[in-house]
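Accompanying notes for the structure given below.
The values are calculated or read from the model by the stated rules, or taken from the named source; none is laboratory data. No experiment lies behind these values; they were computed from the predicted model shown. Because the Cβ atoms are built from the backbone with ideal geometry, glycine has one as well, and the counts that use them run over all protein chains shown. Ligands, DNA and RNA are stripped out before the accessible areas are found, and what is left, the full protein with its side chains, is counted by its heavy atoms. Shrake-Rupley method; radii C 1.70, N 1.55, O 1.52, S 1.80 Å.
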Amino acid sequence: MTQPPQNPPPQQPNWQQPNWQPPYGHPQQPGYVPYPPQPLPPPKKKVWPWILLAGVVVLALFAGCAVRVGTAVYSVVDEQAKREIVVTYEVTGDAAVALVTYTGNNSTTEQLAAAALPWRKNVTVTGLVKYTSITATNPRPGAGMLTCKIIADGKILTEKTITGAGASASCEQTHFETK
């Protein structure tokens, strides 16, 4: 009988060969040459301090501008609030009396049931929002014409005339740059 052919022993990989050496030698063997040293990468520059500095600068600029604008606005608002305007209310007409309702100081409402005509009243208006109004009403039948006026600095700012029994003339003013 013949024997089947025998397979040769499997080949071992190169690194398992008994005489194998790494390409540059082994540290324990004479003539060892170490791997060439690799240069170190340059250190990375830190970006976050620059970002933080930019944020602080922007915040400081914003705060400085806000303070300047706030101060300017406050001074203008304060000046406007302290500004006093003397307003003259005036009611004239054919009737002997009229029902007069007007805004007084601090925007209070005042009313006269039988104001003798012609009627005038000076009121000093202060505050940030300056509002003035006057309404004159004919109290009884047969009454004639009524005219209401708001005057400031000698100039008529608002004027209205009505005719008839029970009719009302109403004038109001919020802007005080004289015409």
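For residue 122, the stated conditions do not hold, so it cannot be described as open to solvent by 80 Å² or more (accessible area, probe 1.4 Å) and at positive phi. Could you pull out the residue among 86, 76 that is modelled with pLDDT of 85 or more and closer than 30 Å to residue 122 by Cβ? Answer to the check: 86. Residues in segment 158-174 that are open to solvent by 90 Å² or more (accessible area, probe 1.4 Å), within 21 Å of residue 139 (Cβ to Cβ) and either modelled with pLDDT under 90 or not in a strand (DSSP E or B) (or both): 1 in all. Residues in segment 87-112 that are surrounded by fewer than 17 Cβ atoms within 10 Å (Cβ to Cβ), over 18 Å from residue 159 (Cβ atoms) and in contact (Cβ under 8 Å) with a residue 24 or more places away in the chain: 107 only. Selection within segment 109-152: residues that are at pLDDT below 85 and within 38 Å of the chain's Cα centre (by Cα). The member of this set that is farthest from residue 97 (Cα to Cα) is 128. Across segment 114-157, the number of residues qualifying as assigned to a strand (DSSP E or B) and farther than 14 Å from residue 168 by Cβ comes to 17. Scanning segment 56-86 for residues that are of a type in the set (Asp, Glu) and either open to solvent by 100 Å² or more (accessible area, probe 1.4 Å) or touching a helix residue (DSSP H, G or I) at 6+ places or on another chain (Cβ under 7 Å) (or both) turns up 79, 84.
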